[in-house]
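Below you'll find the structure, written out as structure tokens, and then a few comments.
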Amino acid sequence: MDKLHAWLPSRREAVAWAYVTAGVAVIVTFLVTSSSVRYLLPVLVSASVVPAIAVGVVRNKPASRLPWWLFAAGMAPFAAADTIWGLYQVRGDEVPFPGVADMLYLGSYLLFTAGLVALARREAGRLHWAGLLDAGIVTLGFATLFWAFIFAPYLRSELSAWPLAVSIAYPATDLMLLSVAARLMFTTGSRSPSFLLCLGWLVVLLAADGLYYGTQATTGTAIAEDVSEVGWMLSVLLLGAAALHSSLARPALAAAAQERMPRRRLSILIALILMGPLIVLANVGGIRDQPVDVTVIVGMMAALSLLLLLRVAFLAQFAQSRAIALAASLREQSVLQEQLSHQATHDPLTGLANRALLNERLESVLGRCSDDCGAGLVMLDLDGFKEVNDTLGHPVGDELLVGVAHRLAGRVRDQDLVARLGGDEFALLVEGVDERTLHDYTTRLLDAFTDPFILAHGHPVQVTTSIGARSITKPTAPTEALRDADTALYRAKTAGKNQAAFY
């Protein structure tokens, strides 16, 4: 039951689908009725859209109401024109052309365009040049078709100036609608049901217009007028449903990255770009015998090529920016990895090596030597450090440890390793020394503590150190070397401190 309930529309959405169902019933009635009264049925559909939009805006409270009020304002003259057209059809009279109905239809298309511009500005937000270029390619691609099948035949016809201007105005407004609709589709991230219904309105409307004006321009008479009429009724029905659907209240989604070129969009754009050359090669309507038409189509092809080049430039720029961002991310990752590695092997207070790194280096040294290792391990422990902590405080004690670390590092060679094992205990791994040299080494280390440490609190702090050392002349286990050096350190401590003892 829960799954079935999930498929059922909510009460708010049911209003939209009930409206569509009623509209479809009117369309079916139009198709099956033979009486001339059927021509008044489109008025029912188009006139219902104005209150449908009003109810939808009041109920759903979209983030921007202006586009929808413009759509409603556009549907009012559209319904009035349908009424005029229907009355003429019922009486069996020819509809005047150009006439009042044409002015009303064209006015409604201009209001639709204004509403789409307002909606695109609201939904898309800032300009997305890549999406605008895609919209331009779509518009110019269809303009090529419009020229070959509508504009050029009209211009070659024997229509006088005013009927010709009105005839051309219809497909021209269609191109305006197409241009803004393409921009809306390519530059917004919104894909709500209401948004898709709105796009369906435009697609069906433009398809019905294309069928009607295309056949009228090429043959002199509109073919399959009932099909076009059904398309117009269905299109405005979708607009009313888009306003009534509860998803109209959803905020616009953030626009997706438009620098990318999805494969499906790329296929559509390439097909539109190739439309002009195919029309010329197929000699549609004998177009190759019309120099003006060929010139116009070549000009459109040149403009399409320019837009395509700009689009490719955007793709290249996007790819370059992604490569730069990826390189920066890899550098950051490498730096972070180095920092983590350093933190894992170094003491956070003094910056010296820690016990783990000392063990690693000691294993490496012992692993390389086969006879005489020529190395020494020295361990130091500060004398009187506890008194410094107790009398001057732990912050001063930490500062003293940092000072000791700096002084030790300044007394050793570059290849020697100085480590802090914890607390006030330090260790040195010395390579390339014999036992006598190690004695001299420990003496220098004891001398390093002769001068007091001048700390930030301003008073000199005097500490000494006890040293335990072990000369490594043959391979041994790292734990054994550390144990022996620690044993020597303990002997130095018990012997009176401030001295060195050897294992």
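The values are calculated or read from the model by the stated rules, or taken from the named source; none is laboratory data. Owing to the predicted nature of the structure, the values given are computational and were not obtained by experimental measurement. Note: ideal-geometry Cβ built from the backbone for every residue, glycine included; neighbour counts use all protein chains shown. We work out accessible area using only protein heavy atoms, side chains counted, and drop any ligands, DNA or RNA first. Shrake-Rupley method; radii C 1.70, N 1.55, O 1.52, S 1.80 Å.
Here are the numbers for this structure:
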read-out: Extreme residue, nearest to Leu380 (Cα to Cα), among residues of the range 343-359 that are in a helix (DSSP H, G or I), open to solvent by 40 Å² or more (accessible area, probe 1.4 Å) and touching a residue at least 12 places away in the same chain (Cβ under 8 Å); value: Arg355
read-out: Enumeration of residues in the range 168-206 that are of a type in the set (A, V, I, L, M) and within 18 Å of Gly240 (Cα to Cα); value: Leu177, Ala181, Leu196, Leu197, Leu199, Leu202, Val203, Val204, Leu205, Leu206
read-out: Every pair of residues 6+ apart whose Cβ atoms lie under 6 Å, when the first sits in the range 65-85 and is within 13 Å of Leu239 (Cα to Cα) while the second is among the aromatic types (Phe, Trp, Tyr) and open to solvent by less than 40 Å² (accessible area, probe 1.4 Å); value: Gly74/Phe112
read-out: Answer from Val28, Val57, Val24 - the residue that is out of contact with any Gly (no Cβ under 9 Å at 6 or more places or on another chain), at pLDDT 90 or above, surrounded by fewer than 13 Cβ atoms within 10 Å (Cβ to Cβ) and assigned to a helix (DSSP H, G or I); value: Val28
read-out: Candidate set: the range 238-260, residues that are open to solvent by less than 10 Å² (accessible area, probe 1.4 Å) and among the small types (Gly, Ala, Ser); chosen: the one modelled with the lowest pLDDT; value: Ser247
read-out: Residue that is in contact (Cβ under 8 Å) with a residue 24 or more places away in the chain and over 25 Å from Gly397 (Cα atoms), where the choices are Gly432, Gly468, Gly422; value: Gly432
read-out: Elements of type helices (runs of 4 or more DSSP H) in the range 129-207, at least 2 residues being open to solvent by less than 20 Å² (accessible area, probe 1.4 Å), under 25 Å from Gly115 (Cβ atoms) and touching a residue at least 40 places away in the same chain (Cβ under 8 Å); value: 129-146, 161-187
read-out: Selected residue [assigned to a helix (DSSP H, G or I), touching a residue at least 40 places away in the same chain (Cβ under 8 Å) and not hydroxyl-bearing (Ser, Thr, Tyr)] from Leu400, Leu340, Leu377; value: Leu400
read-out: Hey, Gly115 under 28 Å from Leu244 (Cα atoms) and at pLDDT 85 or above or not; value: yes
read-out: Qualifying residue in the range 62-73 (condition: at pLDDT 90 or above, surrounded by 14 or more Cβ atoms within 10 Å (Cβ to Cβ) and more than 35 Å from the chain's Cα centre (by Cα)); value: yes
read-out: Single residue of the range 266-293 satisfying the filter (among the β-branched types (Val, Ile, Thr) and farther than 13 Å from Phe149 by Cα) that is modelled with the highest pLDDT; value: Val292
read-out: Selection within the range 444-479 - open to solvent by 70 Å² or more (accessible area, probe 1.4 Å) and in a helix (DSSP H, G or I); value: Arg444, Asp447, Thr479
read-out: Candidate set: the range 88-112, residues that are open to solvent by 20 Å² or more (accessible area, probe 1.4 Å), among the aliphatic types (A, V, I, L, M) and part of a helix (DSSP H, G or I); chosen: the one modelled with the lowest pLDDT; value: Val90
read-out: Residue match in the range 481-500 (condition: open to solvent by less than 30 Å² (accessible area, probe 1.4 Å), touching a helix residue (DSSP H, G or I) at 6+ places or on another chain (Cβ under 8 Å), farther than 18 Å from Asp424 by Cα and not in a strand (DSSP E or B)); value: yes
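A quick yes/no check of all residues on (1) among the hydroxyl-bearing types (Ser, Thr, Tyr); (2) surrounded by 13 or more Cβ atoms within 10 Å (Cβ to Cβ):
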| residue | (1), (2) |
| --- | --- |
| Val294 | no, yes |
| Met300 | no, yes |
| Leu304 | no, yes |
| Arg311 | no, yes |
| Leu315 | no, yes |
| Ser321 | yes, no |
| Ile324 | no, no |
